[in-house]
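Enquirer: Take this structure first; my questions come after.
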Amino acid sequence: MEIMSRLDKFLKDAETEINNTVSLKSVQELRIKYLGRKSEIVTILKGLGGIPSDLRPKIGMRANEVKSYIDKILIRREKELSNNIFNTLGDKEKIDITEPGIKNETGHLHPISRMRMEVEDIFSSMGFTIATGPEVELDYYNFEALNIPPDHPARDMQDTIWTVEGSLLRTHTSCVQIRTMEKFKPPIRVIAPGRVFRYEETDASHEHTFYQVEGLMIDKNISVSNLIAVMKTMLKSVFRRTVKVRLRPGYFPFVEPGFELDINCLICGGTGCPVCKQSGWVELLPCGLVHPNVLKAGKVDPREYSGFAFGMGLDRLVMMRYGIDDIRLFHSGDLRFLEQF
Ligand code: DAH
């Protein structure tokens, strides 16, 4: 039975050594030592043929048992060690704590979202609340209630995407003016940021999908000077400096009078440059005093109340602040563009 005690000793040695090992690398080495082609157990198994046939089954069985037991403890030890990351390195290897780490890439908000939040904060500080409305809108809110009846030529000012059911994708955020007046009584101070859609061919300054911030303030005795004061305060916060503004007449059916509000060119400071086409002024946003018909549609009495409204292009504002010359970049998903913010 000399061979049986050899097997026992072999198992004991293997177990002790495997349990005492501290690195994954040496577990690999022990696997070769104890179960490899030149290991004692393999030699014994190979030599079974030379063993008297009455002893052969018993020894063969024991040898196989030992072999699979060693395999098990090797696997177990390997698992134990890989749970501890420090041991995945070889015995002699050390962690170099001075080596620069691997940086985790983190995303960030889109520049338009950031601008939207900033504008929301600025208007909140002036007592405005944030209103929203649906992107798929009814003709009534997008046109009719805004003093644009069917067949009115002003419908051609905005190319519209219609749904098969006869609704539309809102062409502007002005619809929220009516929805707000339906919900709240004056005094009203709201802004409505949101996505709008036009049936439009795209180029550097036109997109089929873009962002506006609608503004509406209704109270007793609201005049153009209130409008200018609110716009100047907002622009000072957005551009972080005093911005000169001027009003030119502009036509929009839902305001009377209607204006185009220009700001002095922030690139050249008003002396003339390619951005402002040498005029010193840049068109920023359309606005005006809310048309009496629009107040009536919102069940507000125009003899008692007046108000101003504006529709600011959010994309435009971001483009001006960062000097971006192509609106299509916003939806391009191009990381080379987005990572700059
Ligand atoms: N809704 C207009 C557009 O998208 C912009 C606009 C003009 C909004 C004048 C207003 C306004 O509130 O008073 O073209």
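A short reminder: the numbers here are calculations on the coordinates, not readings from a lab. This is a predicted model, so every value here is computed, not measured. Quick reminder, even Gly has a Cβ in these numbers, built from the backbone with ideal geometry, and neighbours come from all protein chains shown.
Enquirer: With everything on Cα atoms, drop me the angle between helix 56-82 and the longest principal axis of the chain, reported from 0 to 90° to the nearest 10.
Expert: So the inclination is approximately 30 degrees.
Enquirer: Take the cross-link list Lys9/Lys38; Lys33/Lys79; Lys12/Lys46; Lys72/Lys103; Lys58/Lys79 and give me the ones stretching past 28 Å between alpha-carbons.
Expert: Lys72/Lys103; Lys58/Lys79
Enquirer: Now a separate question. Around Cys265, which amide H atoms from residues at least 5 apart in sequence, or from another chain, sit under 5 Å from its own amide H, with H modelled in the peptide plane?
Expert: Placed amide hydrogens put Gly270, Trp281, Val282 under 5 Å from Cys265.
Enquirer: In square nanometres, what is one fourth of the surface area of the convex hull spanned by the alpha carbons of the range 1-91? Show your work: numbers first, answer last.
Expert: Details: hull surface 22.6 nm².
Over every viewing direction, the Cα hull of the range 1-91 projects on average to 5.6 nm².
Enquirer: Read phi for every residue in the range 169-175 and hand back ³J(HN,Hα) as whole Hz from Karplus 6.51 cos²θ - 1.76 cosθ + 1.60, θ = phi - 60°, with x for Gly and Pro.
Expert: Going residue by residue, I get 8, 4, 8, 7, 8, 4, 3 Hz, with x marking Gly and Pro.
Enquirer: Give me a comma-separated list of calculated 3J(HN,Hα) values for the range 326-340, in order, Karplus coefficients 6.51, -1.76, 1.60 applied at θ = phi - 60°, integers in Hz, x for any Gly or Pro.
Expert: 9, 5, 5, 4, 4, 9, 6, x, 7, 5, 4, 7, 5, 5, 6
Enquirer: Which ³J(HN,Hα) values, rounded to whole Hz and listed in residue order, are derived for the range 271-277 from phi using the Karplus coefficients 6.51, -1.76 and 1.60 in 6.51 cos²θ - 1.76 cosθ + 1.60 with θ = phi - 60°, glycine and proline given as x?
Expert: Karplus values, whole Hz, x for Gly and Pro: 7, x, 7, x, 4, 9, 6.
Enquirer: Would you pull out the residues with amide H under 5 Å of His291's amide H, same chain only if 5 or more places away, H placed 1.01 Å from N?
Expert: The answer is Val255, Glu256.
Enquirer: Check each of the trypsin sites (Lys or Arg not before Pro) in the range 139-184 and keep only those in coil by DSSP with at most 12 other C-beta atoms within 10 angstrom; list them in order.
Expert: none
Enquirer: Please report the relative contact order for the range 125-279, taking Cα pairs under 8 Å with a sequence separation of at least 6, and give it as a percent rounded to a whole number.
Expert: Taking the mean separation of contacting Cα pairs over the length of the range 125-279, I get 18 percent.
Enquirer: Give me the percent relative contact order of the chain, please, defined on Cα pairs under 8 angstrom at least 6 residues apart.
Expert: Working: 515 pairs, mean separation 48.9, N = 341.
Dividing the mean separation by the residue count of the chain yields 14 percent.
Enquirer: Next question. For the chain, which semi-axes, largest first and in whole Å, follow from the square roots of 5 times the eigenvalues of its Cα gyration tensor?
Expert: 81, 24, 18
Enquirer: Given the DSSP H assignment, sum -39500 (n - 2.57) over each helix run of at least 4 residues in the chain and divide by its residue total; what's the result at 222 nm in deg cm²/dmol, nearest 500?
Expert: Value at 222 nm, helices only, nearest 500: -11500 deg cm²/dmol.
Enquirer: Using a 4.7 Å cut-off between beta carbons, which cysteines in the chain end up with no partner cysteine at all?
Expert: By the Cβ distance rule, which asks for a partner under 4.7 Å, the isolated cysteines are Cys175, Cys287.
Enquirer: Test of understanding: in a Gaussian network model of the chain with alpha carbons linked when under 10 Å, which of Met157, Met117, Met217 would top the mean-square fluctuation ranking?
Expert: Greatest mean-square fluctuation among the candidates belongs to Met157.
Enquirer: To continue, here is another question. List the lysines whose Cα lies under 29 Å from the Cα of Lys296, skipping any in the same chain that are fewer than 8 positions away.
Expert: Of all the lysines, those that pass the test against Lys296 - Cα under 29 Å, at least 8 places apart if same chain - are Lys183, Lys185, Lys220, Lys232.
Enquirer: Right, another one. Report the calculated FRET efficiency for Val245 and Asp325 (r = Cβ-Cβ distance, R0 = 25 Å), to the nearest 0.05.
Expert: On the way: r = 23 Å, r/R0 = 0.93.
Efficiency, rounded to the nearest 0.05: 0.60.
Enquirer: Need the full-extension length gain, Ile75 to Asn20, defined as separation in residues times 0.36 nm minus the C-alpha distance. One decimal, nm.
Expert: Answer, rounded to one decimal: 18.4 nm.
Enquirer: Count the net charge of all other residues whose Cβ sits under 13 Å from the Cβ of Lys9, scoring Lys and Arg as +1 and Asp and Glu as -1.
Expert: -3
Enquirer: Under the rule of at least 5 residues apart or a separate chain, name every residue whose amide H is placed under 5 Å from the amide H of His172.
Expert: Placed amide hydrogens put Phe197 under 5 Å from His172.
Enquirer: Could you tally the net charge around Ile178, taking each other residue with its Cβ under 13 Å from the Cβ of Ile178, Lys/Arg +1 and Asp/Glu -1?
Expert: On the way: positive: Arg170, Arg179, Lys183, Lys296, Lys299; negative: Glu137, Asp139, Glu144, Glu182, Glu214.
In short, 0.
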